[in-house]
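To start, the structure under review is shown below, and the notes come after it.
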There are 2 protein chains.
Amino acid sequence: MLTEKHIEYLREQKAQALQKGASGLLTEALVSALKAMIDQGEFARTQRLPPSRVLAASIQVSRGTVERCYSALESEGYVHREVGRGSFISPRERPLLGKRSVLQPTLDNAFFSNTALSRRSTNGAQIAFDSVPYQRPFTPGVPETRNFPMHIWLKLYQQVAKEEGALAIGGSRVKGSEALCGVISDYLRAERGVRASAEQVIIVSSTQQALSLCAQVLADADDTVYMENPGYPGAIRAFRAAQLNVQPISVDDSGIDVESISRSAVRAKAIYLTPSNQYPTGSILSLQRRLALIAQAKQRGMWIIEDDYDSEFHYSGVATTSLQGLDGYQRTIYLGTFSKTLLPALGVAYMVVPEPLVEPMVAMRRAMDGAVSPLTQLTLARFMQQGHFREYVRIMRKMYATRVERFIQLLKQYVGDKATIIYPECGLQVLCLVENKAIERFVIAQSIASGIALQGLSDLCCGDDALSGWVMGFAAFDPIEAERYVKQFADILHQYDEYDGK
Amino acid sequence: MLTEKHIEYLREQKAQALQKGASGLLTEALVSALKAMIDQGEFARTQRLPPSRVLAASIQVSRGTVERCYSALESEGYVHREVGRGSFISPRERPLLGKRSVLQPTLDNAFFSNTALSRRSTNGAQIAFDSVPYQRPFTPGVPETRNFPMHIWLKLYQQVAKEEGALAIGGSRVKGSEALCGVISDYLRAERGVRASAEQVIIVSSTQQALSLCAQVLADADDTVYMENPGYPGAIRAFRAAQLNVQPISVDDSGIDVESISRSAVRAKAIYLTPSNQYPTGSILSLQRRLALIAQAKQRGMWIIEDDYDSEFHYSGVATTSLQGLDGYQRTIYLGTFSKTLLPALGVAYMVVPEPLVEPMVAMRRAMDGAVSPLTQLTLARFMQQGHFREYVRIMRKMYATRVERFIQLLKQYVGDKATIIYPECGLQVLCLVENKAIERFVIAQSIASGIALQGLSDLCCGDDALSGWVMGFAAFDPIEAERYVKQFADILHQYDEYDGK
């Protein structure tokens, strides 16, 4: 189908040709108009042209004229005709970028330079943490996906599509499928000591969406949220885009410094933290501090946002019970995701919220997005119900435990003289500390060219006593890959001495 | 695994039992503590209990004590033991709702009544349009999904999972997969006259997410957006949740009244409209008004948000070209979705934005959510590339054209004396107008009990001259279903006379 605009353009060309008089000009004008449009990428690569009868009627010329045009285009290779199917534009090179189309609109530069985007947009864009490309060696938080039992997933996906009918392929309730909310609450109760009924579980597409929802529902523009320093950049991004002030609270070996909250004059609406595996330092919030934090939250009328990321992957014994499970007053919002335990590609995460927040959170989710694909939700529910999730997590926990040992060994071997390596108790990344920010920035700048991606620690810190070094994802590499990439990294790190004139 | 909290509770019970003296009390106390926890749903239904050795060490009792506890639980049917596998909690009824757990936190009522949620949340919750349950007869916008070529989708999904490797199952760029952005821009250029390169396409999970992004990026709290009256409630929801003022502009047979915008003293940041198929009236914005609107937008420095929903399903000849294609200055943001053309369950929609908006929109998307599942995106890209999308839309367009005829025939037959039926030129719903709001509300209230769901027209209107009647989705019903539901609806409508004392 040609669009109205195309037809209009052809009519114009026809009128111009007719004004000039000679009737042979008409076919020529139409052919060159069609060629120009094809050249300039007006049509899809293999688009079918309208039947000559239809186009003839549209631009009010004879059918013979259109037939002559199509033949001309065919002889020049612009079009190929298939018997009984019609005339198709021949696949060809894409139009050159920047080549101006006959129909191309001009960018209204005056408008774009005068029309300010929202302050929220400016806030959101200020966060420059996204320089780390996904799926390059060392990108933090990337799991191994090559062992995922895809055959089981595909089988269950098929089953769901065939057996669940409209429940699977129609729309879904925004809160999430009942089946999935049920298995998640069962799982969290058993594994994480979370106290929650299925009614309190809300399915979201990502932890990022959960953070954005928390920001929107719990606080207004200019309100403050406490967060760990150093801390998770995704959270800062969500809070800043919602125009919240982010008040950093320092972190030590026992997690966030709860004492300093009690001294803080700022009245925060909420505190965001990663108590069971502090991001990026990996420290665990002590029981004493957990209880003190809950008391603080009670006293200050503050929400607790607990991001329990990577808690499935603990290497030194038993996982710490969730903060939510200790909070006797239901003021904690608990976040978890399947992006790392299963696949980033699933697009399923969840939040567990106190009962009074279920309705406002779901209402806000409905204002901000639709439901997560019920096909995916129901497949995941079966995957969990049949025990595949626990089994896969168990296997991966073992594998990551082996990989982290090896990774640390490699780092010690190749850069042990230059950096301090922190053994994580949990999670998919290792901290590598260096003396100063100059080294950190040098290595980051150099690493891009060599195909590896490093997340600078100083980017995750506020204030003067920022840590220097890198958060390094190790989970996605087998020992051979790990050695290759660590060597590349070591080469760059050793170049610094030369650069620094040592 | 038992959680810390569970262990703590068991230790307490042990301590209390030991205080009481008699050693037989210890086993009894532990058994009753475990039973209470099982009864109250502390564990997943078929959770494995820790090996007796492990539990014994945790609560510092002898292994024999734990063995005696497990045996006691087994004899009472709480637990079953499998040789070589361990002790499992036997599946049983869920705990009674409201039954207070030994460990259940109390809701901190003082906190919840004193802690106000955000104004944004209150704004978002004010919108009461969600009374219409999904997938009940007549819910607007629900497509027929029973003919979807699921076997093709499943085949392609499998292919993608197997062939695309990390591209399909790893993370994806937030903007959307290159392949899908490419086929969408090809498609829109050919079918809708949209002028856009693949670079301008952003994949989102729903039109609702696109609307929310527009609200966040283009305007700040207290800014104004124009919108059609009556208009699409999802848009109002997104704008209100972003704290925007929504200024209604009336609609007539030729679409939104552009003249009245030129007289408006309010300076709006953007206008949201459905030019090719006004929601819910179905009117089409005339070419003259389209050009006038573009001129207005230019003069006032205003963004145009064009929601081109359902444009694939046009019944009277050719679809109108998009407004975006006419906008010679690239100030239009174009929205489309696969929820109705394919399946609500896919969770894929898209926006086409002017080049200068690509980066800010993607940055805001990254702050608010992750990427849409690349598995789904790549499957959809293949589905479109192989022509299945066009083919399916073509088949469904024909089917809906037949269904709308039949639906209108039925409405005329059964309620023609009571209501005015509007034949749509496009889309998946029919307007049914009645004299006054009292009838509308009566029928909505009664319809819930009879299993059908009606969207009241007056809910979609602002101001005094609101329309009364219903927006009725017809697309999901074959002729037999349609007749059954229309009869149900007619019965209720005819009850009104009785109720009204006529």
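The values are calculated or read from the model by the stated rules, or taken from the named source; none is laboratory data. All figures in this text were calculated on a predicted structure; none of them were measured in a lab. Cβ: placed from backbone, ideal geometry, glycine included. Neighbour counts: every protein chain shown.
If you check A:Glu259, A:Glu312, which single one turns out to be part of a loop (DSSP other than H, G, I, E, B) and out of contact with any strand residue (DSSP E or B) (no Cβ under 8 Å at 6 or more places or on another chain)? Give the steps one after another, and end with the answer.
Numbers: A:Glu259 fails: part of a loop (DSSP other than H, G, I, E, B).
A:Glu312 is the lone residue from the list that is part of a loop (DSSP other than H, G, I, E, B) and out of contact with any strand residue (DSSP E or B) (no Cβ under 8 Å at 6 or more places or on another chain).
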Looking at the structure I just gave you, is A:Val246 more than 18 Å from A:Asp308 (Cβ to Cβ), of a type in the set (Val, Ile, Thr), within 14 Å of another protein chain (Cβ to nearest Cβ) and part of a strand (DSSP E or B)?
yes
Working only within the range B:380-393, note down all residues that are out of contact with any helix residue (DSSP H, G or I) (no Cβ under 9 Å at 6 or more places or on another chain) and more than 12 Å from B:Asn147 (Cβ to Cβ).
B:Gly387
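Quick one: which residue in A:Thr379, A:Thr321, A:Thr341 is in contact (Cβ under 8 Å) with a residue 60 or more places away in the chain, in contact with a His (Cβ under 9 Å, 6 or more places away or on another chain) and not aromatic (Phe, Trp, Tyr)? Step through it out loud before you land on a result.
Numbers: A:Thr379 fails: in contact with a His (Cβ under 9 Å, 6 or more places away or on another chain); A:Thr341 fails: in contact with a His (Cβ under 9 Å, 6 or more places away or on another chain).
On inspection, the qualifying residue turns out to be A:Thr321.
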What's the total number of residues in the range B:185-232 that are among the small types (Gly, Ala, Ser), more than 9 Å from every other protein chain (Cβ to nearest Cβ) and in a loop (DSSP other than H, G, I, E, B)?
2
For B:Val266, state whether it is out of contact with any helix residue (DSSP H, G or I) (no Cβ under 9 Å at 6 or more places or on another chain) and either farther than 30 Å from A:Pro374 by Cβ or buried (at least 24 other Cβ atoms within 10 Å of the Cβ) (or both).
yes
Given the conditions (1) part of a helix (DSSP H, G or I); (2) within 27 Å of the chain's Cα centre (by Cα); (3) surrounded by 24 or more Cβ atoms within 10 Å (Cβ to Cβ), every one holds for A:Arg240 apart from (3)
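Yes/no matrix, rows are residues, columns are (1) more than 14 Å from chain B (Cβ to nearest Cβ); (2) farther than 18 Å from B:Thr321 by Cβ; (3) among the basic types (Lys, Arg):
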site: A:Leu18; (1), (2), (3): yes, yes, no
site: A:Thr27; (1), (2), (3): yes, yes, no
site: A:Arg45; (1), (2), (3): no, yes, yes
site: A:Arg53; (1), (2), (3): yes, yes, yes
site: A:Ser71; (1), (2), (3): yes, yes, no
site: A:Glu74; (1), (2), (3): yes, yes, no
site: A:Val83; (1), (2), (3): yes, yes, no
Residues of the range B:393-434 classified as farther than 22 Å from B:Leu460 by Cβ and not hydroxyl-bearing (Ser, Thr, Tyr), total
17
Across the range A:466-491, which residue is nearest to the chain's Cα centre (by Cα) among those that are within 30 Å of A:Ser250 (Cβ to Cβ) and either part of a strand (DSSP E or B) or free of Cβ contacts under 8 Å to residues at least 60 places away in the same chain (or both)?
A:Gly473
Output the qualifying pairs, or none if there are none: Cβ atoms under 6 angstrom, residues six or more apart or on different chains, first residue in the range B:145-169 and assigned by the TED database to the domain that holds B:Ala345 and modelled with pLDDT of 95 or more, second residue assigned to a helix (DSSP H, G or I) and of a type in the set (S, T, N, Q).
B:Leu154/A:Gln158; B:Leu156/B:Thr379; B:Tyr157/B:Thr379; B:Val160/B:Thr379
Report the residue count in the range A:58-94 for those that are assigned to a loop (DSSP other than H, G, I, E, B) and modelled with pLDDT of 85 or more.
3
B:Val372: touching a strand residue (DSSP E or B) at 6+ places or on another chain (Cβ under 7 Å) and more than 25 Å from B:Leu273 (Cα to Cα), yes or no?
yes
Restricting attention to the range B:439-465, which residues are of a type outside the set (Asp, Glu), out of contact with any Leu (no Cβ under 6 Å at 6 or more places or on another chain) and outside any loop (DSSP other than H, G, I, E, B)?
B:Ile439, B:Arg441, B:Phe442, B:Ala445, B:Gln446, B:Ile448, B:Ala449, B:Gln455, B:Gly456, B:Ser458, B:Leu460
Inside the range A:153-184, can you point out the residues that are more than 25 Å from B:Glu144 (Cα to Cα) and within 9 Å of another protein chain (Cβ to nearest Cβ)?
A:Trp153, A:Val183
Picked from the range B:336-362 (must be surrounded by fewer than 24 Cβ atoms within 10 Å (Cβ to Cβ) and either over 16 Å from the mean Cα position of the chain (by Cα) or in a helix (DSSP H, G or I) (or both)), the residue farthest from the other protein chains (Cβ to nearest Cβ) is B:Val358
Filter the range A:6-21 for residues that are in contact with an Asp or Glu (Cβ under 9 Å, 6 or more places away or on another chain) and either assigned to a loop (DSSP other than H, G, I, E, B) or within 22 Å of B:Glu312 (Cβ to Cβ) (or both) and give the result.
A:His6
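Out of A:Val404, A:Val393, which single residue is farther than 23 Å from A:Ala196 by Cα, more than 10 Å from chain B (Cβ to nearest Cβ) and in contact (Cβ under 8 Å) with a residue 40 or more places away in the chain? Step through it out loud before you land on a result.
Working: A:Val393 fails: farther than 23 Å from A:Ala196 by Cα.
Step by step, each of A:Val404, A:Val393 is checked, and only A:Val404 is farther than 23 Å from A:Ala196 by Cα, more than 10 Å from chain B (Cβ to nearest Cβ) and in contact (Cβ under 8 Å) with a residue 40 or more places away in the chain.
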Is it true that some residue in the range A:31-38 is in a helix (DSSP H, G or I), of a type in the set (Lys, Arg) and buried (at least 16 other Cβ atoms within 10 Å of the Cβ)?
yes
From the residues in the range A:387-421 that are in contact with a Leu (Cβ under 8 Å, 6 or more places away or on another chain) and closer than 23 Å to A:Leu343 by Cα, which one is surrounded by the fewest Cβ atoms within 10 Å (Cβ to Cβ)?
A:Tyr392
Pairs please, first residue from the range B:288-307 and more than 11 Å from every other protein chain (Cβ to nearest Cβ) and within 15 Å of B:Gly325 (Cα to Cα), second anywhere and surrounded by fewer than 17 Cβ atoms within 10 Å (Cβ to Cβ) and of a type outside the set (Ser, Thr, Tyr), Cβ atoms under 9 Å, 6+ apart in sequence or on different chains.
B:Arg289/B:Asp257; B:Arg289/B:Glu259; B:Ala292/B:Glu259
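Looking at B:Asp417, B:Asp327, can you tell me which residue is assigned by the TED database to the domain that holds B:Val160, among the acidic types (Asp, Glu) and more than 30 Å from A:Ala235 (Cβ to Cβ)? If you could, list the steps in order and put the result at the bottom.
Values: B:Asp417 fails: assigned by the TED database to the domain that holds B:Val160.
B:Asp327 is the lone residue from the list that is assigned by the TED database to the domain that holds B:Val160, among the acidic types (Asp, Glu) and more than 30 Å from A:Ala235 (Cβ to Cβ).
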State the number of residues belonging to the range B:407-438 that are in contact (Cβ under 8 Å) with a residue 60 or more places away in the chain and β-branched (Val, Ile, Thr).
2
Name every residue in the range B:492-502 that is assigned to a helix (DSSP H, G or I) and surrounded by fewer than 17 Cβ atoms within 10 Å (Cβ to Cβ), in order of residue number.
B:His494, B:Gln495, B:Asp497, B:Glu498, B:Tyr499
Hey, does the range A:435-448 have a residue that's of a type in the set (Asp, Glu) and surrounded by 20 or more Cβ atoms within 10 Å (Cβ to Cβ)?
yes
